[in-house]
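J.: Dropping the structure in here first, questions after.
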Amino acid sequence: MRNLHILVVEDEPSNSEIAKVILMGQGYKVTCVENGQEALRLCIDEGQVFDAILMDILMPVMDGIEATRRLRAHAKTQDLAIICLSAKASGADHAAGIEAGCDSYVRKPYKRKDLLMALSEILLRKGVIDEPLL
Ligand SMILES: [Mg+2]
């Protein structure tokens, strides 16, 4: 399988580090940015291509809901796999993420397997990979 490139959008460095360790442990390439505006800059302004985004919800400058909405509104990124990650446990938060266009939702703190299963499911569904990641 080709090397997946995952964009982690997360304002808390310790959370980025956890995601990075898990993803790099699978051999994936990982890029981290700290807010939604940075994600838009890479994906839309610079046209960088990622296989999936792990998107935190609560972030300064631009949150994950707004960033997801804008990515979905843009031709370059409308079909990109986006998984929302949030510590907020409410159903309303989950609904807001899905409403904005996230493909799925993982609640923090998560186990390695939870993250990889969510990633696998969405990448299979989008045809980015043709066999499960784990
Ligand atoms: Mg946050």
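Readers should treat all values here as calculations from the given coordinates under stated rules, not as data from a laboratory. Quick caveat, the model's predicted, so the values are computed rather than measured. Cβ placement follows ideal geometry from the backbone for every residue including glycine, while neighbour counts extend to all protein chains displayed.
J.: Name the shape class, rounded, prolate or oblate, that the alpha-carbon gyration tensor gives for the chain, where a ≥ b ≥ c are the square roots of its eigenvalues, rounded holds for a/c under 1.5, and otherwise prolate holds if a/b is larger than b/c and oblate otherwise.
T.: Taking the square roots of the gyration eigenvalues as a ≥ b ≥ c, the chain is rounded.
J.: Have a look at the DSSP beta bridges in segment 5-125 and tell me what percent are antiparallel, nearest 5. Write out the running numbers ahead of the final one.
T.: On the way: 0 of 18 bridges.
Looking only at bridges with both residues in segment 5-125, the antiparallel portion is about 0 percent.
J.: Related question: Please identify which residues in segment 39-82 have an amide N closer than 15 Å to a label point set 7 Å out from the Cα of residue 99, following the Cα→Cβ vector.
T.: Those under the cut-off are 64-70.
J.: Still on this structure: Modelling each spin label as a point 7 Å along the Cα-to-Cβ direction, I'd like the residue 124/residue 14 distance in nm, to one decimal.
T.: Taking the two extended label points, one gets 3.4 nm.
J.: Sticking with this one: Select from 113, 29, 20 the residue whose mean-square fluctuation is largest in a Gaussian network model of the chain (Cα-Cα springs shorter than 10 Å).
T.: Greatest mean-square fluctuation among the candidates belongs to 113.
J.: For n ≥ 4 DSSP H runs only, could you compute -39500 (n - 2.57) per run for the chain, divide by its residues and tell me the 222 nm figure to the nearest 500?
T.: About -11000 deg cm²/dmol.
J.: Reachable aspartates and glutamates from residue 20, Cα under 14 Å, same-chain residues fewer than 8 places away excluded?
T.: Of all the aspartates and glutamates, those that pass the test against residue 20 - Cα under 14 Å, at least 8 places apart if same chain - are 10, 11, 12, 34, 56.
J.: Treat the count of other C-beta atoms within 10 Å as a stand-in for reagent exposure and order 77, 31 from fewest to most.
T.: Placing the least packed residue first, the sequence is 31, 77.
J.: Which cysteines in the chain lack any other cysteine whose Cβ sits under 4.7 Å from their own Cβ?
T.: 32, 43
J.: Reachable lysines from residue 76, Cα under 21 Å, same-chain residues fewer than 8 places away excluded?
T.: Of all the lysines, those that pass the test against residue 76 - Cα under 21 Å, at least 8 places apart if same chain - are 29, 126.
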